[in-house]
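S.K.: Got a structure here, written out as structure tokens. Questions coming.
Read-outs: derived from the displayed coordinates by stated rules, not from any lab. Since the model is a prediction, treat every value here as computed from it, not as a measurement. Virtual Cβ from ideal backbone geometry, glycine too; neighbours counted across all protein chains shown.
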Amino acid sequence: MYSYTDFDEAFVRTRVSQFRAQVERRIDGSLTEDEFKPLRLMNGLYLQLHAYMLRVAIPYGTISARQMRQLAFIADKWDKGYGHFTTRQNIQYNWPALKDVPDMLEALADVQMHAIQTSGNTIRNVTSDHFAGAAADELEDPRPYAELLRQWSTDHPEFQFLPRKFKIAVTGAEADRAVIRSHDIGLQIVEQNGETGFKVIIGGGLGRTPMIGKVVREFLPKEDLLPYCEAIVHVYNTLGRRDNKYKARIKITVHENGIDTMRDLIEARFTEIRPEFTGVDQELLAGIKAQFATPPLREGDTAAYDAAYQMDPIFRAWADTNLTAHRKADHAIVTISIKAHGKTPGDATSDQMRLMADLAEEYAHGELRISHEQNVILPHVHKGDLPAIHAALKAAGLGTANIGLASDIIACPGMDYCALATARSIPIAQEIATRVDELKIEHEVGELKIKISGCINACGHHHVGHIGILGLDRAGVENYQVTLGGDHTETAAVGTRMGPGFSADEIVPAIERLMLAYLDLRDAPEETFLQTFRRLGDAPFKAALYPESEARNAA
Amino acid sequence: MPKPFTPKVVTANALIEGDVIYLTNNGEWSRRHEDARLFTDEAAANAALAAAELQASEIVGAYLADATSGARGPEPTHFREAFRATGPSNYAHGKQVDL
Ligand code: HEM
Ligand code: SF4
């Protein structure tokens, strides 16, 4: 796992003490809010509906047991005993007081964490596949490249005031678990003639104009990663629409100029700046790579696992849904659901964080991951330890067997916390999860991605949900619009908007009708909701959503 | 035609805690919506907002929010302001704990 250099350490400490002085000056009145706001945003501090909100980066989703424990400590000491894990591998604290934030940042710095560039028009936290370094289907661990990108982008003088925020995601597998096609730059490690390099995708994004990214380079040699990304961001910085906030993201730059023109400009800039990268970055990378070596995986028999799998149906259900194939056959990747039915998706209490840290330390080489789907992962677990882990998780309310199922919902904070929201997201997610649990249908329904945002900014990824829900304000009343057929993976697609929205009372029954319709419509249990939707189109699903208008049409 | 003025309260967030506050009849800040002064006159509302905005070391982001008079005092008319007046719906956190 990456460990700060002296430079990183000094940089982060300096930022904390600068921010401490800025907060003092804001509180004593010598800075106005207009002067202070950009400074607090540079340090991840927002002002939301009921309180401040501090967003802390978890680079490429990788975190140590010690860091997780510190997140729990911060939640207890300066917040309300919990934290909210987000789709961009951050944790958000919803209740800090302004005067405490410098202390929180100091506590983060103590475990090599920070909130720098988690807000503002700059390159944000670099995200990655949450199974990186462990997944059986992976070509190569993408995290050393993500770390290299993080070091390059942090405090990069040219890129602190971009036209808009800028997000990069990296994956090392063909199966896209990092949503790379919805990022400003998406990078996928690919192989060509025995060499590995990057497929480079640009211009993906959600928000008010959702777009799937386009390939700008089929194959980029690895040693060209930084100069090429620098060229992309440079071209965007030059061409990006600063005149209109809603057209400022690179997706619009690509759309308006065309991918071919963008490619020409990027390649030209790349040729120009390539010689400046003399290889220091590659030496750095070699050092970084050494820190991401696979931990020494234990040998041993898996008898305990096999026995539990045979004997205990609850364990079996959990194993079938929450485990993923590890590179090593006697190991597994464990996804811990922080989506217990009826709970707030993505929230973990400080006790839960500490338990997960303990389990990581005892059974998983002290390492955890945060997924973009708002769950926590133990990447390297010997199968023999799974029954003990499951028992501990179950006792802490973390044993829900629902990964990838209908109740594993991504929900943004919505109107319960977010100042930009037009409707609530969390209670809708809670009700849907509670309902599928009452009906006991989610295992039968199988893989289903429900994603909810409380406004058009689409933080909850609703455009790329199999079922997307967008909360809107219709004449002062919460209203929920449904999109179907979205996909965040390597077969990415933006969902199709169905008819009129639903009231808060109507939306859960509507989602239930969609699931039941799918059970009727599918060819076989193996055919997923998304496949059925792709085969049949939206008509039968629309009919399920709007039964009255169907009846009217038929009459 | 300009929209007719509807009654408003002056609301903001407290600088240190960030929580929602309302301007009262005697020009102080209260955390309770029902303590707010309800402005039925547009000029008076704007003047109060302008005065509030000068209190930079106490408050953040003052604005006028729609409200109506209720049994115990002003009540929010829009659900956003209703959430601001109580707290989030997933936990009993925020104002609903103390009010
Ligand atoms: C409550 C505080 C939050 C605020 C104020 C906020 C604000 C925004 C805004 C303004 C955008 C639109 C940007 C644009 O298209 O230019 C956006 C997009 C996004 N946010 Fe948030 N957000 C918040 C919380 C979250 C959370 C909790 C998550 C994850 C659960 C999240 C993940 C995202 C993602 C993935 C996008 C996608 C847009 C894209 O990159 O195309 N945000 N957010
Ligand atoms: S989608 Fe809208 S409501 Fe939800 S967190 Fe993002 S900005 Fe807030």
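S.K.: Within segment A:272-311, list the residues whose amide N lies under 11 Å from a label point set 7 Å along Cα→Cβ of A:Ser3.
M.R.: Under 11 Å, as judged by backbone N against the label point of A:Ser3, lie A:291 of segment A:272-311.
S.K.: Oh, and also: Can you tell me the 0 to 90 degree angle between the C-alpha axis of helix B:42-53 and the longest principal axis of chain B, rounded to 10?
M.R.: Around 50 degrees separate the two axes.
S.K.: Separate question: If we restrict to alpha carbons, what Rg and Dmax does chain B come to, in Å?
M.R.: Taking only Cα atoms of chain B, I get Rg and Dmax of 13.2, 43 Å.
S.K.: Also, I was wondering about something else. Summarise the long-distance tail of P(r) for segment A:275-349 by giving the % of C-alpha pairs beyond 17 Å. Present the calculation step by step, with values, prior to reporting the outcome.
M.R.: Details: 1885 of 2775 pairs.
Tail of P(r) above 17 Å: 68 percent of Cα pairs.
S.K.: Measuring from label point to label point, each 7 Å out along Cα→Cβ, what is the B:Ser69 to A:Lys99 span in nm?
M.R.: 3.8 nm
S.K.: In addition: What is the calculated FRET efficiency for A:Asp301 to A:Glu223, with r their C-beta to C-beta distance and R₀ = 45 Å, to the nearest 0.05? Walk me through the numbers on the way to the answer.
M.R.: Values: r = 43 Å, r/R0 = 0.96.
Calculated value: 0.55.
S.K.: Of A:Arg269, A:Arg274, how do they rank once you tally other Cβ atoms within 10 Å and put the fewest first?
M.R.: Numbers: A:Arg269 19, A:Arg274 16.
Ordered from fewest to most neighbouring Cβ atoms within 10 Å, A:Arg269, A:Arg274 come out as A:Arg274, A:Arg269.
S.K.: Could you work out [θ]222 nm for chain A from helices alone, using -39500 (n - 2.57) per DSSP H run of at least four and dividing by all its residues? Round to the nearest 500 deg cm²/dmol. Spell out each step's value before the answer.
M.R.: Details: 19 runs with 218 residues, N = 555.
Per the formula, -12000 deg cm²/dmol.
S.K.: Write down the radius of gyration of segment B:48-99 and its Dmax, each obtained from C-alpha positions, in Å.
M.R.: For segment B:48-99, the Cα-based Rg and Dmax read 13.2, 35 Å.
S.K.: Now for a separate question. Pairs of alpha-carbon atoms within less than 8 angstrom and 6+ residues apart define the contacts here; what relative contact order does chain B have, in percent?
M.R.: Numbers: 168 pairs, mean separation 27.8, N = 99.
Worked out over chain B, it gives 28 percent.
S.K.: I would also like to ask the following. Could you work out how much longer the chain between A:Gln192 and A:Lys289 gets when fully extended? Use 0.36 nm per residue separation minus the Cα distance between them, nm to one decimal. Before the final figure, lay out each step's value.
M.R.: Values: separation 97, 0.36 × 97 = 34.92 nm, distance 2.13 nm.
Result for the pair: 32.8 nm of gain on full extension.
S.K.: Something else now. Please compute the modelled spin-label separation between A:Val215 and A:Arg534, points set 7 Å along Cα→Cβ, answer in nm with one decimal.
M.R.: Each label point is offset 7 Å from its Cα along the Cβ direction, giving 1.7 nm.
S.K.: Taking 25 Å as R0, compute the FRET efficiency from the Cβ-Cβ separation of A:Glu506 and B:Thr6 and round it to 0.05. Don't skip to the answer; put the middle values down first.
M.R.: Details: r = 29 Å, r/R0 = 1.15.
Between A:Glu506 and B:Thr6 the formula returns 0.30.
S.K.: How would you rank B:Arg72, A:Arg474, going from fewest to most other Cβ atoms within 10 Å of each one's own Cβ?
M.R.: On the way: B:Arg72 10, A:Arg474 14.
Arranged by neighbour count, lowest to highest, B:Arg72, A:Arg474 become B:Arg72, A:Arg474.
S.K.: Within the set A:Lys339/A:Lys440; A:Lys449/B:Lys95; A:Lys167/A:Lys247, which residue pairs have Cα atoms separated by over 22 Å?
M.R.: Numbers: A:Lys339/A:Lys440 16 Å; A:Lys449/B:Lys95 34 Å; A:Lys167/A:Lys247 16 Å.
Beyond 22 Å: A:Lys449/B:Lys95.
S.K.: Just to confirm my numbers, what's the Cα centroid distance between segment A:468-515 and segment A:121-157 in Å?
M.R.: Spelled out, the Cα-based centre of one part sits 32 Å from the other.
S.K.: Sticking with this one: What 222 nm value per residue comes from the helices of chain B, counting each DSSP H run with n ≥ 4 as -39,500 (n - 2.57) and dividing by all residues, nearest 500 deg cm²/dmol? Before the final figure, lay out the partial values.
M.R.: Numbers: 3 runs with 24 residues, N = 99.
After summing the helix terms and dividing by the residues of chain B, the value is -6500 deg cm²/dmol.
S.K.: Separate question: About its Cα centre, what dipole magnitude does chain A give when the only charges are +1 on Lys and Arg Cβ and -1 on Asp and Glu Cβ, stated in debye to the nearest 20?
M.R.: Values: 60 positive and 76 negative charges, 309 e Å.
Dipole of chain A, to the nearest 20 debye: 1480 debye.
S.K.: Taking the Cα centre of segment B:1-81 as origin and charging only Cβ (+1 Lys, Arg; -1 Asp, Glu), how large is the dipole, in debye to the nearest 20?
M.R.: Values: 7 positive and 12 negative charges, 37 e Å.
In total the dipole reaches around 180 debye.
S.K.: What residue among A:Met415, A:Ala401, A:Ile370 has its Cα farthest toward the positive end of the dipole of segment A:346-423, where the charges are +1 on Lys, Arg and -1 on Asp, Glu, each on the Cβ?
M.R.: Positive-most Cα among the choices belongs to A:Ala401.
S.K.: Let me ask you something else. As I understand it, the dipole of segment B:10-99 uses +1 on the Cβ of Lys and Arg and -1 on the Cβ of Asp and Glu, about the Cα centre. Which of B:His33, B:Tyr91, B:Thr11 lies farthest toward its positive end?
M.R.: B:Tyr91
S.K.: Could you point to the residue in A:Pro157, A:Ser17, A:Pro500 farthest towards the positive end of the protein assembly as shown's charge dipole, with +1 and -1 charges on the Cβ of Lys/Arg and Asp/Glu respectively?
M.R.: Value: A:Pro500.
S.K.: Let me ask another. Using 0.36 nm times the number of residues separating A:Ala395 and A:Asp351, minus their current alpha carbon distance, what extension gain do you get? Each step should come with its number before you reach the end.
M.R.: On the way: separation 44, 0.36 × 44 = 15.84 nm, distance 1.17 nm.
Result: 14.7 nm gained on full extension.
S.K.: Report the Stokes-Einstein translational diffusion coefficient (µm² s⁻¹, integer) for segment A:493-554, Rh taken as the Kirkwood radius over Cα pairs, at 37 °C with viscosity 0.692 mPa s. Don't jump to the answer; show the numbers that get you there.
M.R.: Numbers: Rh = 12.4 Å.
After rounding, the answer is 264 µm²/s.
S.K.: Assuming R0 = 30 Å, what is the FRET efficiency of B:Ala92 and A:Lys77, from their Cβ-Cβ distance, to the nearest 0.05? Let's see the in-between values first.
M.R.: On the way: r = 21 Å, r/R0 = 0.69.
Between B:Ala92 and A:Lys77 the formula returns 0.90.
S.K.: No other cysteine beta carbon under 4.7 Å away is the test; run it over chain A and list who passes.
M.R.: For chain A, the answer is A:Cys229, A:Cys418, A:Cys455, because their Cβ atoms have no other cysteine Cβ under 4.7 Å.
S.K.: What are the radius of gyration and Dmax of chain A, computed over its Cα atoms and given in Å?
M.R.: Values for chain A (Cα only, Rg and Dmax): 23.1, 75 Å.
S.K.: Which order do A:Lys383, A:Lys451, A:Lys214 fall in if you start with the one that has the fewest other Cβ atoms within 10 Å?
M.R.: Values: A:Lys383 23, A:Lys451 31, A:Lys214 20.
Neighbour counts put them in this order, fewest first: A:Lys214, A:Lys383, A:Lys451.
S.K.: Would you calculate the separation in nanometres between label points at A:Glu526 and A:Asp34, each defined as 7 Å from the Cα along the Cα-to-beta-carbon direction?
M.R.: It is 6.5 nm.
S.K.: More than 19 Å apart: what percent of Cα pairs in segment A:1-142 qualify?
M.R.: Values: 5234 of 10011 pairs.
In whole percent, the long-distance tail amounts to 52.
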